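Let me begin by presenting the structure, written as structure tokens, before commenting on it.
The values are calculated or read from the model by the stated rules, or taken from the named source; none is laboratory data. Small disclaimer: the values here were computed from a predicted structure and weren't measured. Reconstructed Cβ throughout: ideal geometry from the backbone, glycine too, with neighbour counts over all protein chains shown. Please note that ligands, DNA and RNA were not included when accessible areas were found on the heavy atoms of the full protein model with its side chains. Shrake-Rupley method; radii C 1.70, N 1.55, O 1.52, S 1.80 Å.
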Amino acid sequence: MTATPPPYRLVATDLDGTLLRSDETVSDRTRAALALAGAAGAAHIVVTGRPVAWSRHILDALDYRGLAVCGQGAQVYHAGEHRLLTSVTLDRKLAALAVAKVEAETGPLHLAASRDGLDGDLLVTPGYRTMEGPRPPVPVTDRAELWAEPLNKLYLQHPELDDDALAEAARAAAGGLVDVTMAGAGIVELLPLGLSKATGLSLAARRLGVKAADTIAFGDMPNDLPMFAWAGHGVAMANAHEELKAVADEVTASNDEDGIAVVIERLFGLSG
């Protein structure tokens, strides 16, 4: 008797606000759903805006051994081998020029820079607000230090503009030099032109021998838009940004209500 093929061969999940609950854990129900999807023949891949240095501790805690797309698509990381397979860096002269163009429109910005590599530091200028993480940020007062070594991306914050307004202003001022995305509260990023989660996901999927049409993707923020456009099916969490919900193929429950498990159980016939 021939086994029924799974509805999707690749389950791509964002981390923050999607796979992770508010306390940065993954529920037993979601773990079980992903395991059963795996038993049905579907691979699970994490696709996160976090660079590897800020993702490794979470992946290790989850006992995650497969490929992960980190740094907004810049890094393809083999979690089981703790090895970077690919890494794309942001041209530092373009980054400095982009910041100057944005500041000419918005006024002074607070900046942070994510350095390349498995243990890349996060450098922050005065006023930049960081979330709690596995590695303390490195404060710098001289902006030249931001460009001193290879980096994956820059983060922007503004003392008055909200995230949507800042992203829009940055895109208008420097969109021809860099890509601009919003990955979460207080997280507006400048990336290498043409880079997105879809870029990294397509590279990782090729390594796994999986096509876009065979991929289901879960996310919650505008930085997941390219991933949804690439994947065969895009699922937004109930807590997702309205811009992502507008293009999603469906909206599931929130990250704190096992939204990923709800969909996987239905599609893979795992619900009782």
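Matching residues to (1) modelled with pLDDT under 95; (2) charged (D, E, K, R):
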site: MET1; (1), (2): yes, no
site: THR4; (1), (2): yes, no
site: LEU10; (1), (2): no, no
site: THR13; (1), (2): no, no
site: ALA35; (1), (2): yes, no
site: ALA40; (1), (2): yes, no
site: VAL47; (1), (2): no, no
site: PRO51; (1), (2): yes, no
site: ARG56; (1), (2): yes, yes
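May I ask you to list the residues in the range 180-195 that are in contact with a strand residue (DSSP E or B) (Cβ under 8 Å, 6 or more places away or on another chain) and either open to solvent by less than 40 Å² (accessible area, probe 1.4 Å) or within 17 Å of GLY219 (Cα to Cα) (or both)?
Selection gives VAL180, THR181, MET182, ALA183, GLY186, ILE187, VAL188, GLU189, LEU190, LEU191, PRO192, LEU195.
Condition check ((1) part of a loop (DSSP other than H, G, I, E, B); (2) under 14 Å from ILE187 (Cβ atoms); (3) of a type outside the set (D, E, K, R)) across all residues:
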| residue | (1), (2), (3) |
| --- | --- |
| LEU84 | no, no, yes |
| ALA95 | no, no, yes |
| VAL102 | no, no, yes |
| SER114 | no, yes, yes |
| ARG129 | yes, yes, no |
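Need the failing condition index for ALA240 against (1) farther than 30 Å from ARG143 by Cβ; (2) surrounded by fewer than 22 Cβ atoms within 10 Å (Cβ to Cβ), just the number.
It is condition (2) that ALA240 fails.
Checking ILE216 against (1) in contact (Cβ under 8 Å) with a residue 60 or more places away in the chain; (2) hydrophobic (A, V, I, L, M, F, W, C); (3) out of contact with any Phe, Trp or Tyr (no Cβ under 7 Å at 6 or more places or on another chain), only one condition comes out false. Which one?
In the conditions (1) in contact (Cβ under 8 Å) with a residue 60 or more places away in the chain; (2) hydrophobic (A, V, I, L, M, F, W, C); (3) out of contact with any Phe, Trp or Tyr (no Cβ under 7 Å at 6 or more places or on another chain), ILE216 misses (3) alone.
For the condition in contact (Cβ under 8 Å) with a residue 24 or more places away in the chain, open to solvent by less than 60 Å² (accessible area, probe 1.4 Å), more than 19 Å from the chain's Cα centre (by Cα) and over 28 Å from HIS78 (Cα atoms), what is the one hit in LEU146, LEU161, LEU177, LEU156?
Residue meeting the stated conditions: LEU177.
For the range 65-89, what are the residues that are open to solvent by 10 Å² or more (accessible area, probe 1.4 Å), of a type in the set (A, V, I, L, M, F, W, C) and farther than 17 Å from MET227 by Cα?
LEU84, LEU85, VAL88
So, in the range 1-53, of the ones that are charged (D, E, K, R) and without any contact (Cβ under 8 Å) to a residue 40 or more places away in the chain, which residue ends up surrounded by the most Cβ atoms within 10 Å (Cβ to Cβ)?
If we filter the range 1-53 for residues that are charged (D, E, K, R), which is where we start, we get 9, 14, 16, 21, 23-24, 28-29, 31, 50.
Adding the requirement that they be without any contact (Cβ under 8 Å) to a residue 40 or more places away in the chain leaves 23-24, 28, 31, 50.
Numbers: ASP23: 6, GLU24: 13, ASP28: 10, ARG31: 15, ARG50: 24.
For the range 1-53, the residue satisfying everything is ARG50.
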